[in-house]
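Asks: Just dropping this structure here.
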Amino acid sequence: MSQTLGRAILVALGWKIEGKVPSPQSCIIIGAPHTSNWDFVIAMAVRWAIGLDVRWIGKHTLFKGIAGPFMRFLGGIPINRSQAEGFVDHVVETLRTNPGLIIGLAPEGTRKPVSNWKSGFYRMAAGANIPLLPIAFDYPSKTLHIGAFIYPTSGLEADAPMISAFYKDKR
């Protein structure tokens with residue numbers, strides 16, 4: 001039923017999916033550019049349409065009040081960015097002890113334009129020895145692009161060109 005709902009939402013909004021998720025395994029999905037609240041709606045619809053069980057990380061204020069239980073039901077994991085010390089280590093341990101867990105996040109950490117991404121996504125993947133899965137929201141074409149796994153190697157600086165290459169023509 002959720003696949004039908006996800007597909008219906010994408011059709012209603014005029015979005016399509018390009019690419020396929022590699023065989024499901026633990027990974028960190030990096031969704032960028034994160035520029036709109038609509039990213040969440042589209043990401044949830046894609047998640048349901050392709051039948052992928054993804055937990056996602058969002059700012060703690062999304063989980064306040066009546067929205068909190070609903071956001072957790074949708075797979076949300078709150079993070080208070082002003083008190084985030086130890087969060088990466090916690091996620092790494094969670095990934096190590098839960099084979100098959102998939103976590104999605106916006107590497108920019110905000111919807112505002114940024115020149116550099118935060119590094120937590122990379123440290124989580126490297127620490128848990130799992131791949132990154134880049135996805136891109138391309139608003140002009142209304143296409144969600146799914147890339148190929150990127151395995152962390154010798155550090156973010158070394159792998160950044162490969163990650164950037166996937167996103168360079170996405171708007």
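The values are calculated or read from the model by the stated rules, or taken from the named source; none is laboratory data. Not measured: the values here are computed from a predicted model. Note that each Cβ is placed from the backbone with ideal geometry, even for glycine, and that neighbours are counted across all protein chains shown. Accessible surface is based on the protein model in full, side chains and every heavy atom, while ligands, DNA and RNA are left aside. Shrake-Rupley method; radii C 1.70, N 1.55, O 1.52, S 1.80 Å.
Asks: Are any residues in segment 130-155 without any contact (Cβ under 8 Å) to a residue 60 or more places away in the chain and within 17 Å of the chain's Cα centre (by Cα), and if so, which ones?
Replies: Hits for segment 130-155 are 138, 150, 151, 152.
Asks: Moving to a separate point now. Can you tell me which of (1) free of Cβ contacts under 8 Å to residues at least 60 places away in the same chain; (2) more than 25 Å from residue 152 (Cα to Cα); (3) touching a strand residue (DSSP E or B) at 6+ places or on another chain (Cβ under 6 Å) is the one residue 72 doesn't meet?
Replies: Every condition holds for residue 72 apart from (3).
Asks: Let me ask something else about it. Consider only pairs whose beta carbons are under 9 Å apart and that are at least six residues apart or on different chains; among these, list those whose first residue lies in segment 158-171 and is in contact (Cβ under 8 Å) with a residue 24 or more places away in the chain and over 13 Å from residue 30 (Cα atoms) and whose second residue is open to solvent by 70 Å² or more (accessible area, probe 1.4 Å) and of a type in the set (Lys, Arg).
Replies: Listed by first residue and then by second, the contacts come to nothing, as the list is empty.
Asks: Follow-up question, since we're still on this one. How many of the residues making up segment 113-136 are touching a His at 6+ places or on another chain (Cβ under 9 Å) and either at pLDDT below 85 or open to solvent by less than 10 Å² (accessible area, probe 1.4 Å) (or both)?
Replies: To start, the set of residues in segment 113-136 that are touching a His at 6+ places or on another chain (Cβ under 9 Å) comprises 134-136.
This time we only want the ones that are either at pLDDT below 85 or open to solvent by less than 10 Å² (accessible area, probe 1.4 Å) (or both), so: 134, 136.
Of the residues in that region, 2 qualify.
Asks: Tell me which residues, restricted to segment 116-157, are under 16 Å from residue 52 (Cα atoms) and assigned to a helix (DSSP H, G or I).
Replies: Listed by number, the list is empty, since nothing qualifies.
Asks: Tally the residues that are open to solvent by less than 90 Å² (accessible area, probe 1.4 Å), touching an Asp or Glu at 6+ places or on another chain (Cβ under 7 Å) and more than 18 Å from residue 118 (Cβ to Cβ), restricting the search to segment 150-171.
Replies: Count: 1.
Asks: Read through the list (1) in contact with a His (Cβ under 7 Å, 6 or more places away or on another chain); (2) closer than 15 Å to residue 136 by Cβ, then give the number of the only condition that residue 29 fails.
Replies: Failing condition for residue 29: (1).
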